[in-house]
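Please read the structure below before turning to the comments.
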């Protein structure tokens with residue numbers, strides 16, 4: 001089994017057993033007392049399911065939260081899923097090593113492990129099927145002590161005790177209930193639980209942490225509820241302080257929008273969906289006071305919101321921003337409002353959708369690691385965020401969810417159900433490792449993923465008829481494009497075959513990089529057959545269009561190598577006249593790439609500056625601070641109400657602010673930014689654009705000022721990076 005992290009299997013936990021509470025409860029605390037004398041070093045190796053927090057003598061062992069990072073923890077029943085799953089996939093649990101030397105004391109010590117449900121025990125939301133892995137939370141640990149007298153190992157062995165806690169309930173989608181009037185003074189014997197049939201892997205990825213704290217603005221009161229505004233859509237929790245008398249109930253509810261009367265509008269965050277109980281899917285936390293000075297802060301949930309209401313007595317509130325530890329490393333400033341909003345809104349949206357070290361489609365309603373949305377945004381996220389470790393782990397999720405028999409790749413990773421299609425979703429197993437290599441220069445990643453890529457290519461070939469990619473798994477969705485401004489008209493088999501052709505191009509490039517030249521002939525043969533099928537079925541020689549140029553169909557053809565400059569000119573002419581994007585999950589990024597690549601940067605900038613419906617500034621004018629799931633902001637086709645207002649997929653093109661407008665591109669065949677070309681693609685503008693990228697070689701910065709003629713171009717790059725400016729005469733170089 002190829003694993004990107006260090007695989008210790010279960011040998012790390014030899015002589016250890018999984019332990020947990022003797023009956024289900026909201027959040028049990030596992031307790032182990034031990035004696036340690038003059039330890040030179042102490043290492044705690046631990047994990048828990050669903051989430052765990054470990055404390056030694058009352059001090060947390062890490063600032064990270066919501067551990068372990070999400071994965072397909074152990075085998076479960078798929079019979080209730082939207083469509084049958086018969087694939088053989090890999091289950092994996094990540095564990096952690098913490099240096100706890102400074103937290104130990106001579107003599108008696110106390111290890112506590114607090115457990116929460118997380119994804120492992122998630123029974124409230126069943127939209128994609130029953131995602132729960134188990135009913136009883138559990139932990140396993142090993143504490144290794146180095147002392148003057150030798151080494152000592154303290155393992156989870158069933159001698160621990162446990163208690164219930166004030167956290168009476170917690171669910172990722174619903175919220176947390178903390179009741180400080182509850183007391184459980186009696187320590188009970190733990191249960192020894194079955195060992196999961198899974199891979200135990202030393203943790204990798206970027207866990208969640210509190211990234212910022214701030215005070216929100218109070219907007220007013222409605223029917224006794226205080227209404228607050230965080231200013232922008234964020235993910236996290238609200239920390240609440242109160243000295244209210246015992247027995248008071250304080251309820252917080254969260255939403256992305258408010259109505260005119262300041263009441264919360266829950267629809268875009270899932271309020272028109274139902275929990276299994278039949279209740280509306282609304283995020284809320286409940287705190288019950290005990291009369292003391294208390295600070296309530298949920299531990300095992302995050303919410304996605306801009307606005308929240310507080311019902312009940314409180315003294316102060318603080319917003320805690322929580323997401324994966326992947327801070328923004330790029331900078332971008334523009335006197336043009338559209339590109340600036342795209343950068344700000346996309347980076348905020350992407351961060352809101354990074355939890356558990358996987359990229360989600362939305363951070364509230366579904367929270368799933370869709371391989372479609374994830375692969376569309378991967379290149380931009382890798383470019384703009386400190387995300388190498390994050391994507392290293394997510395690539396492992398994708399590999400884990402590939403069927404070991406036929407090569408099929410799931411629509412979500414970690415696998416939690418969901419629908420999609422063969423090209424735009426499963427192709428993540430090709431495109432995400434490829435973009436990882438291009439961004440970070442890590443050839444080893446391609447070596448790890450090459451065989452799974454080839455397996456997936458063979459799977460796609462088996463789903464072709466007469467050269468076109470036309471089906472996926474039985475009763476699967478087999479989507480092509482998704483979320484265009486008008487009902488989807490571009491044919492699914494056209495989209496999927498274009499994506500398949502692009503996969504073949506990339507895998508051929510990877511084969512050359514790895515010296516796998518024996519595979520190239522078959523790849524080329526398959527590509528030629530698919531190209532001929534698209535020409536035969538979808539090219540109209542009389543008009544020069546592919547698939548009637550429906551929803552950027554011509555751009556798809558140029559992007560995958562079916563057409564060239566003349567078709568790109570037609571694309572530019574069409575969208576120059578149209579004046580807005582309105583493209584879908586894949587077409588948005590593909591369209592802008594074609595425009596920038598083929599010398600139509602002015603048209604691309606026009607689309608980025610548009611205020612029409614189907615544009616980014618339309619979202620901003622409508623009050624958006626993050627990107628929407630649809631260009632309208634609501635579902636105009638299926639009558640499902642308001643869609644998510646925190647969806648990153650339309651931001652997949654944000655990378656073109658740097659590669660197109662600023663012109664920072666890697667030379668063909670280069671990776672890791674060792675050899676770059678600076679070639680701004682906008683010719684006519686009155687704006688100044690400035691930005692920088694933190695690359696493996698250091699920070700590269702470019703400023704283009706179009707307010708003067710000729711425009712000035714300022715380039716700064718680390719020593720050792722080769723920089724080429726192809727059109728020096730067009731600029732005043734500084």
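The values are calculated or read from the model by the stated rules, or taken from the named source; none is laboratory data. Being a predicted model, the structure only gives us computed values, none of them experimental. Positions of Cβ are generated from backbone atoms using ideal geometry, with glycine treated the same way; all protein chains shown enter the neighbour counts.
Computed values, structure above
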{"item": "Unmet criterion (only one of (1) crowded, with 16+ Cβ neighbours inside 10 Å; (2) in a loop (DSSP other than H, G, I, E, B); (3) over 24 Å from the mean Cα position of the chain (by Cα)) for residue 109", "result": "(2)"}
{"item": "Residue 56, sole failed condition from (1) surrounded by 15 or more Cβ atoms within 10 Å (Cβ to Cβ); (2) closer than 17 Å to residue 99 by Cβ; (3) at pLDDT below 95", "result": "(3)"}
{"item": "Residue that is in contact with a helix residue (DSSP H, G or I) (Cβ under 9 Å, 6 or more places away or on another chain), under 25 Å from residue 379 (Cα atoms) and surrounded by fewer than 21 Cβ atoms within 10 Å (Cβ to Cβ), where the choices are 597, 589, 576, 646", "result": "597"}
{"item": "Single unsatisfied condition, residue 183 versus (1) surrounded by fewer than 20 Cβ atoms within 10 Å (Cβ to Cβ); (2) modelled with pLDDT of 95 or more", "result": "(2)"}
{"item": "All positions within the range 322-350 that are closer than 24 Å to residue 657 by Cβ and part of a strand (DSSP E or B)", "result": "323, 324, 328, 331, 332, 333, 334"}
{"item": "Criterion: assigned by TED's automatic domain parsing to the domain that holds residue 246, surrounded by 17 or more Cβ atoms within 10 Å (Cβ to Cβ) and not in a loop (DSSP other than H, G, I, E, B) - qualifying residue of 301, 310, 295", "result": "310"}
{"item": "Of residues in the range 150-168 being surrounded by fewer than 17 Cβ atoms within 10 Å (Cβ to Cβ) and touching a strand residue (DSSP E or B) at 6+ places or on another chain (Cβ under 7 Å), the one nearest to residue 239 (Cα to Cα)", "result": "168"}
{"item": "Selected residue (only one of 709, 685 is at pLDDT below 95, in a loop (DSSP other than H, G, I, E, B), over 22 Å from the mean Cα position of the chain (by Cα) and buried (at least 18 other Cβ atoms within 10 Å of the Cβ))", "result": "685"}
{"item": "Odd one out for residue 724, checked against (1) over 30 Å from residue 437 (Cβ atoms); (2) surrounded by fewer than 19 Cβ atoms within 10 Å (Cβ to Cβ)", "result": "(1)"}
